[in-house]
Amino acid sequence: MNQPDRLAAALQRVRIAARVFHAGGFCGTGAVLGERAGGHLHLLRGGRLGLESGRGHPLEVMGPAAILLPRAHRHHLTTDVDGRSEAATVDLVCADIDLGGMRNPLEHGLPDVMVVPLDQAQPLAAVLELLFDEAEGQGCGRQVVLDRLAEVAIVHVLRHAIDRAEGRTGLLAGLAHPALSRTLVRLHEQPSAAWTLERMADEAGMSRSVFAETFAEVVGMTPGLYLRSWRLQLARARLDEGATLKQAAREVGYASHAALSRALSGNVS
């Protein structure tokens, strides 16, 4: 039996968005990218780049590499890694990204900074070359192509993270788990279904007690809390698209629009 696509349902319902704001040469000793609504993606074609995010020790990244910062916070990029008088110039793509916000379990489950050497992710290396080819041209729709390629790059980073999620906690670790991933995919595909702990455990092929304990340990929250968080994220997305409260409640599995309204206002955990 083929393994279900562990990312497809989540990404189809909560759209990843990227906006490339720099593509080309970068030379600096103190370029600060300020706080924005979402996170950032940086794709380094070659050379060395220093990154100070304020979330741990400074990093030295050797290109080619992808750097994903899922959430908004100030960070500092520099090519003057060694404090030399003349910093090198590197080719860099930078994009603002939106992974749905902290209420989205996908974003919530990611570490603050992810670095993927592209010798470990060849498809991502191919996307990087396409990005720079597009950046160097002036074809019609250039910005749209750059943005879409950046979104493709994010998906490849997430694939890489799932493949190497062993020992971590969060949604990606859950999607990497052979049994839990079956339940998570079904929750993403069918949020409005009448989910019970027993039904979730059956999807994973586990007893209720073992499933509940394993889910909390790997994903970092109880199955019930995860389902509520996922439903609320989807409801907010539908309301932003113009759906009525009643429509959103029906589509994501709330018994009534009043119940959804209480959950959105924070009166229900």
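The values are calculated or read from the model by the stated rules, or taken from the named source; none is laboratory data. These numbers were taken from a predicted model, which means no experiment stands behind them. Using ideal geometry, Cβ is built from the backbone for each residue, glycine included, and neighbour counts are taken over all protein chains shown. Ligands, DNA and RNA are excluded from the accessible area calculation, which covers all protein heavy atoms including side chains. Shrake-Rupley method; radii C 1.70, N 1.55, O 1.52, S 1.80 Å.
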Show me 190-202, 174-186 ranked by packing, highest mean number of other Cβ atoms within 10 Å first.
174-186, 190-202
Residue (of Gly253, Pro105, Ser209) at the positive-pole extreme of the chain, dipole from beta-carbon charges:
Gly253
Simple spin-label estimate for His76/Met62, 7 Å along Cα→Cβ, in nm, reads 2.4
Å² per residue, accessible surface of the chain at 1.4 Å
48
Okay, helix-only estimate at 222 nm for the chain: each DSSP H run of n ≥ 4 adds -39500 (n - 2.57), divide by all residues, round to 500 deg cm²/dmol; what do you get?
-13000 deg cm²/dmol
His75 long-range amide H proximity, modeled H, under 5 Å:
Leu33
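Figure the gain on full extension for Ala126 and Thr89 (residue separation times 0.36 nm, minus the Cα-Cα span) and round it to one decimal in nm.
Working: separation 37, 0.36 × 37 = 13.32 nm, distance 2.15 nm.
Between Ala126 and Thr89, full extension yields 11.2 nm more.
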Taking 0.36 nm per residue of separation and subtracting the Cα-Cα distance, what length does fully extending Arg142 through Ala258 add?
37.2 nm
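Using a Förster radius of 25 Å, what is the FRET efficiency between Cys27 and Asp163 based on their Cβ-Cβ separation? Nearest 0.05, please. Please report the intermediate quantities before stating the final value.
Working: r = 34 Å, r/R0 = 1.35.
Efficiency computed from Cβ-Cβ geometry: 0.15.
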Check which residues have an amide H placed less than 5 Å from Gly109's amide H, if you skip close sequence neighbours.
Leu171
Mean Cα-pair separation over length for the chain, i.e. relative contact order, pairs under 8 Å, 6 or more apart, %:
18
Cβ-defined net charge surrounding Asp91, 14 Å radius [Lys, Arg +1; Asp, Glu -1]
-2
